[in-house]
1. Mind putting a number on the dipole of the chain about its Cα centre? Charges go on the C-beta only, +1 for Lys and Arg and -1 for Asp and Glu, and I need it in Debye to the nearest 20.
2. Which value, in Å² and to the nearest 10, is the accessible area of T204 when all protein chains are kept and the probe is 1.4 Å?
3. For the range 131-199, what log10 I(q)/I(0) values come out of the Debye formula at q = 0.15, 0.16, 0.21, 0.28 1/Å, with one point per alpha carbon and no solvent?
4. Heavy atoms only, 1.4 Å probe, whole protein assembly: order F105, F134 by accessible area, highest first.
5. What accessible surface, in Å², does a 1.4 Å probe find on V201, ignoring ligands, DNA and RNA and rounding to the nearest 10?
6. Using only Cα atoms, locate the centre of the range 127-194 and the centre of the range 72-103, then give the distance between them in Å, rounded to an integer.
7. Could you list the residues of the range 148-172 with an amide nitrogen less than 17 Å from a label point located 7 Å from the Cα of S24 in the Cα-to-C-beta direction?
8. Given an 8 Å cut-off on Cα distances and at least 6 residues of separation, report the relative contact order of the chain as a percent.
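The values are calculated or read from the model by the stated rules, or taken from the named source; none is laboratory data. The shown structure was predicted, so the numbers you read here are calculated from the model rather than taken from an experiment. Here the Cβ is made from the backbone with ideal geometry for all residues, glycine too, and neighbour counts use every protein chain on show. Accessible surface areas use protein heavy atoms only, side chains included; no ligands, DNA or RNA. Shrake-Rupley method; radii C 1.70, N 1.55, O 1.52, S 1.80 Å.
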Amino acid sequence: MLEAWTDNLAGSLLVLARVAGIFSVAPILGHARVPAQVRIILTVGLTMALAPLVTASQAVEATRTEYVAMLAREAAIGLAIGYVSVLLIGAAQTAGELVDHQIGFGLSGIVDPVTNNQMPVVARFLQMFATMVFLVSGAHHWMIRALADSYRVIGPGADADLARAAEPVTVVFVTVFLTALKIAGPILGVLLLCDICLGLVARTTPQLNLLMVGFPVKIGIGVAAVLVALPVIGVVLARLMTGVYGDAMALARAMGG
């Protein structure tokens, strides 16, 4: 395998650029807390496994400037495929932020180690839960398979129209947003009923301090609703995650023309 990788070093570097692009943003492996040494070892190892399976005849004939442009294009293709998998986990985060806003957690948050930004409590919890579902459902295997099969559509060094990636990425955005609404919808409905009940209590008992009573009640009911809905949320996310292969291949076919 090492001889096959070194015999066509120019083509192998093109493969390395695409693999590195995916691993720089992919869930789990693209996490800021994962040591750089681990990511480098996995990237080089996967490149050595894939390089003998693909050819890059254009790289041999290209000039230095053209070859640098090929490397940049390969890295962009990898980033696009990896970004699709990141969007899928974003469905749970978006749903959590909607629930946080309704509960009242929007003003508080914890630091997300991936983006170094503050994220509300429920959103962070559902993001971690979605990451676990991503692993349990085997979506990371489908992502690697999509990477390998992408070379059937776009060979290393082949021309690719990156502008065509807009349409499949938009489709993924819509799917993720609809999934977030499916996850958050029932919980928001429970919180709406809670608001209605608290409003009726406030009308019948004006002397009751609704702010002091209503806030902890909404927190308790909201957290309980999230916990009760977790099994259903897991099923919805698993169905979304298993589609990562189809979404990534649709993106590759669009860019390959």
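1. Numbers: 14 positive and 14 negative charges, 121 e Å.
With only Lys, Arg, Asp and Glu charged at Cβ, the dipole is about 580 debye.
2. 110 Å²
3. -0.77, -0.83, -1.07, -1.15
4. On the way: F105 35, F134 0 Å².
From most exposed to least exposed: F105, F134.
5. 60 Å²
6. That distance is 7 Å.
7. Only 157, 162 pass the distance filter.
8. Values: 317 pairs, mean separation 66.0, N = 257.
The value is 26 percent.
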